[in-house]
Protein chains: 2
Amino acid sequence: MQQHPAVPHLVTAQTGPLLDLEQRILDALPAIERWFRLQWHEHLPPFYGSVDLRNAGYKLAPVDMNLFPGGFNNLSEDTLPTAVQAAQNAIERLCPDARNLLLIPERHTRNQYYLTNVSRLVRILQLTGVEVRIGSLSEEVTQPTRIELASGDEFVIEPLVRRGNRLGLADFDPCVILLNNDLSAGIPRVLAGLDEQVIVPPLQAGWAIRRKSNHFAAYDQVAADFAQLVDIDPWLINPYFGRCGQVNFHERAGEECVASNIDFVLSRMREKYREHGVTDTPYVVVKADAGTYGMGVMTVRDANEVRGLNRKQRNKMAVVKEGLEVTEVIIQEGVPTREDVDGAAAEPVVYMIDRCVVGGFYRVHTERGRDENLNAPGMHFVPLAFAGSCNLPDCRAKAAGSAPNRFYSYGVVARLALLAASIELESTASRVAAPAAPVAAAIAG
Amino acid sequence: MQQHPAVPHLVTAQTGPLLDLEQRILDALPAIERWFRLQWHEHLPPFYGSVDLRNAGYKLAPVDMNLFPGGFNNLSEDTLPTAVQAAQNAIERLCPDARNLLLIPERHTRNQYYLTNVSRLVRILQLTGVEVRIGSLSEEVTQPTRIELASGDEFVIEPLVRRGNRLGLADFDPCVILLNNDLSAGIPRVLAGLDEQVIVPPLQAGWAIRRKSNHFAAYDQVAADFAQLVDIDPWLINPYFGRCGQVNFHERAGEECVASNIDFVLSRMREKYREHGVTDTPYVVVKADAGTYGMGVMTVRDANEVRGLNRKQRNKMAVVKEGLEVTEVIIQEGVPTREDVDGAAAEPVVYMIDRCVVGGFYRVHTERGRDENLNAPGMHFVPLAFAGSCNLPDCRAKAAGSAPNRFYSYGVVARLALLAASIELESTASRVAAPAAPVAAAIAG
């Protein structure tokens, strides 16, 4: 099989059971696509999402699912038609006669990469036939503010205006409010109780309420169902995890809970490694159960490591984005990446809108190992023409392991995580609908 | 603006009101896309379709709409993801739990181009997650027959098996039956009365019942509504037409009806030419009201031309595909093409699935003039990366007339014809639903 021209010197490991997994996924394509079609009849897809995958050679699994994806700028230009078509489906479902859409981005307005993401997102949305304007949660935005990008593109960010139960801009009343802000700082009062407009993703998708452990609990069920469909061990697509709910790294509270969960996950991994003949040294990743993946992350090979954390390590784990204190952690099976781009460790990130894979890229880090978190300063991105390859395996090239076929598997596993997110959001919907204790606490100034 | 790399030496005329039309269409993009969204809430899109467009510089109009498109092989490979996504939408709407789809192609099984179209169509459909098998209306296919293509691809054509009110193959019971056969020879008995399965396009889309004049009557209304939306003269996107219902070219019956309609269309054209400052010599195209565009077509500049047809000319007009006698003709305003590819006259053909533009190509004829029918032996095809450009005008490049922006207009006008086809099929549905006189006559052995 020819290499995809968009992937420079891409090397993918092609050993062990993954080849078998890929072949099973390819062989079951009609059944898989039909299964997804039926699942999306039962469950509303999130408006969009991105999934970090790890391909260990012997297993291929999601390790994180972002419901406010901020890297649309990293997708190759040729993925746009698919993205527009998918966004059209989403808007049609939410608000068929939508004329106006309000986009609420992250508060930090100086990061050029993020602003380029916003610009790309605006373009996709405009092309679906809605007027898109941008409202800011930042108190610093008190009047329409023009943002210019290095590319020459520009857009205007405006202050939000709340009128009773509706949110908009001074002269703009939207039907749909699209969040590209993960609400790490809590649910702003201005977003609470908007019962006349559609807000997507729903408020419970924000980190004020969302927990990674809820996501992976939903994923457990999705992965089990899917594994039955294609007749595989669900472990091949699903990382083990545990959770601790009352941790205080500064005060060393909850250390024993974390340590025992590490032991538990490592022992289950050892069993599976034996079963599948994997010779790697198992490790787990400890990370904040709520909050952005890139912060508060630790790789651990032995439970004793968390018992003796020094002050610097504890400080690093104790807070995530917007200075939030970490009190809940997830202990997740580490899935090493066997992929590299130009010799550097790489992991695929798959972007989806509505039910569709719309693109993706490799996150690459030249200074990190294959068992480390790559979502860290120094990373860079290599776009993939995923739109083609994730939807379009070459079934005639029966040799699994070829790049386009591997990419189809990526698209399938990413969509499993998307489906899990949908189920997760259904199960947590009541935490916003009845704004009792947890939400009241989550609503910020 | 840079030229699209897929278009070799493409020259598009950029004079007169069309630039203005393109600019209006670009400016109204959000309103247009929203309008289509609302229209598709009222009207079911045909499963697929292709539209022949003519770009005269001063006007851009559809001249034919094919509901059984046979040129999927002419689309560039990179249009596939969009096509799969669109087909997924269509199948989801028709039969959400569809597992099996039966494709019924044209009877002629030796044309390699057409067979490659079938192969491409099968690939698109399979990737949506249905099992696709192919059933033939040909009596010569009495057992599963393997078809091998020059590309190395292959597929099997099997005899149809009717069981009561269901149609399938010996061991295959489909939920959806997709016709890629225009039923020029009438509605086969084996297709009549299948009330348990979804047949798309519906039987009234076949030339046994369909009339071009019904299509363009529906298009009149669509074009008028759209023209109001973007504030243009509807003539800029709509060719005038007339119709004669009782013609017999062999016996010279109905000649006066044809001649007077030619006079009428030419006189209305002269008015519009004066109004818009067009200096071309007006001409009309006389063609069979039912049947394939490529046959039974005549270019006429003066009504007297049809009064003195010689035997050869009359024979040429008298029959279309499958030897059907022409008794009804449409007299359509001729729209000259101002586009050429490598110096040869060219016209854009836009392919759609469900509500989406999925690709297109230029039909090019080196031996025909810009006021002639290009759908004739000797034509060839130049694929366009339409999927990108038809959905993705570069709104920042405000200079209309650039290739991507022109292509957006093509996609819009093609979708207007698709919408007209949808309305046309609604209005003719009763001719199949109550199989009284017209259908009984249309049902062939």
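Against the definition (within 13 Å of chain B (Cβ to nearest Cβ), over 21 Å from the mean Cα position of the chain (by Cα), surrounded by fewer than 23 Cβ atoms within 10 Å (Cβ to Cβ) and basic (K, R)), how does A:R24 come out, yes or no? In short, no.
For the range A:240-335, the helices (runs of 4 or more DSSP H) that sit wholly inside it and include 3 or more residues that are within 25 Å of A:M65 (Cα to Cα) and in contact with a helix residue (DSSP H, G or I) (Cβ under 7 Å, 6 or more places away or on another chain) are A:255-276.
Within the range A:111-140, the residues that satisfy the criterion of being open to solvent by 10 Å² or more (accessible area, probe 1.4 Å) and closer than 17 Å to A:G71 by Cβ are A:N111, A:Q112, A:Y113, A:Y114, A:T116, A:S119, A:R120, A:V122, A:R123.
Rundown of residues vs (1) in contact with a His (Cβ under 7 Å, 6 or more places away or on another chain); (2) away from chain A (no Cβ under 14 Å); (3) open to solvent by less than 10 Å² (accessible area, probe 1.4 Å), yes/no style:
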site: B:D20; (1), (2), (3): no, yes, no
site: B:R34; (1), (2), (3): no, no, no
site: B:H41; (1), (2), (3): no, no, no
site: B:A56; (1), (2), (3): no, yes, yes
site: B:K59; (1), (2), (3): no, yes, yes
site: B:V63; (1), (2), (3): no, yes, yes
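Across the range A:114-133, not a single residue is classified as without any contact (Cβ under 8 Å) to a residue 12 or more places away in the chain and in a loop (DSSP other than H, G, I, E, B). What about B:R107, is it more than 28 Å from A:R355 (Cα to Cα), more than 7 Å from every other protein chain (Cβ to nearest Cβ), of a type in the set (D, E, K, R) and surrounded by fewer than 24 Cβ atoms within 10 Å (Cβ to Cβ)? So B:R107 passes the test.
If you go through the range B:208-239 and keep only what is in a helix (DSSP H, G or I) and either β-branched (V, I, T) or under 11 Å from B:A61 (Cβ atoms) (or both), you end up with B:F216, B:Y219, B:V222, B:A223, B:V230, B:P234, B:W235, B:L236, B:I237. Given the structure, is A:A440 modelled with pLDDT under 90, of a type in the set (A, V, I, L, M), closer than 24 Å to A:R211 by Cβ and not in a helix (DSSP H, G or I)? No, not satisfied.
Selection of the range A:175-207 for residues being in a strand (DSSP E or B) and more than 25 Å from A:N73 (Cα to Cα) yields A:I187, A:P188, A:V198. When the residues of the range A:76-113 are filtered to those that are in a loop (DSSP other than H, G, I, E, B) and touching a residue at least 40 places away in the same chain (Cβ under 8 Å), the one that is nearest to A:D52 (Cα to Cα) is A:S76. Looking at the range B:146-161, can you tell me whether even one residue there is over 30 Å from B:P377 (Cβ atoms), open to solvent by 40 Å² or more (accessible area, probe 1.4 Å) and modelled with pLDDT under 95? Taking every residue of the range B:146-161 in turn, none turns out to be over 30 Å from B:P377 (Cβ atoms), open to solvent by 40 Å² or more (accessible area, probe 1.4 Å) and modelled with pLDDT under 95.
Within the range B:65-75, one or more residues are in contact with a Gly (Cβ under 9 Å, 6 or more places away or on another chain), part of a helix (DSSP H, G or I) and under 30 Å from A:I353 (Cα atoms).
Of all residues in the range B:71-90, those that are more than 14 Å from chain A (Cβ to nearest Cβ) and out of contact with any Leu (no Cβ under 9 Å at 6 or more places or on another chain) total 2. Residues considered: A:E275, A:E333, A:E339. Of these, the only one that is open to solvent by 40 Å² or more (accessible area, probe 1.4 Å) and on the phi < 0 side of the Ramachandran plot is A:E275. In the range A:192-215, the qualifying residues are those that are within 14 Å of the chain's Cα centre (by Cα) and either over 14 Å from A:L67 (Cα atoms) or among the polar types (S, T, N, Q) (or both), and the one that is most open to solvent (accessible area, probe 1.4 Å) is A:N214.
Every condition in (1) of a type in the set (D, E); (2) free of Cβ contacts under 8 Å to residues at least 60 places away in the same chain; (3) within 21 Å of B:I157 (Cα to Cα) is met by B:E196 except one, and the failing one is (3). Put simply, of B:T82, B:T12 the only residue that is touching a helix residue (DSSP H, G or I) at 6+ places or on another chain (Cβ under 9 Å), at pLDDT below 90 and under 25 Å from B:N181 (Cβ atoms) is B:T82.
The values are calculated or read from the model by the stated rules, or taken from the named source; none is laboratory data. On a predicted model such as this, the values are computed, not experimentally measured, just so you know. Methodologically, a virtual Cβ is constructed for each residue, glycine included, from the backbone with ideal geometry; neighbour enumeration extends over all protein chains shown. Side chains are part of the model used for accessible areas, which takes the heavy atoms of the whole protein and leaves out ligands, DNA and RNA. Shrake-Rupley method; radii C 1.70, N 1.55, O 1.52, S 1.80 Å.
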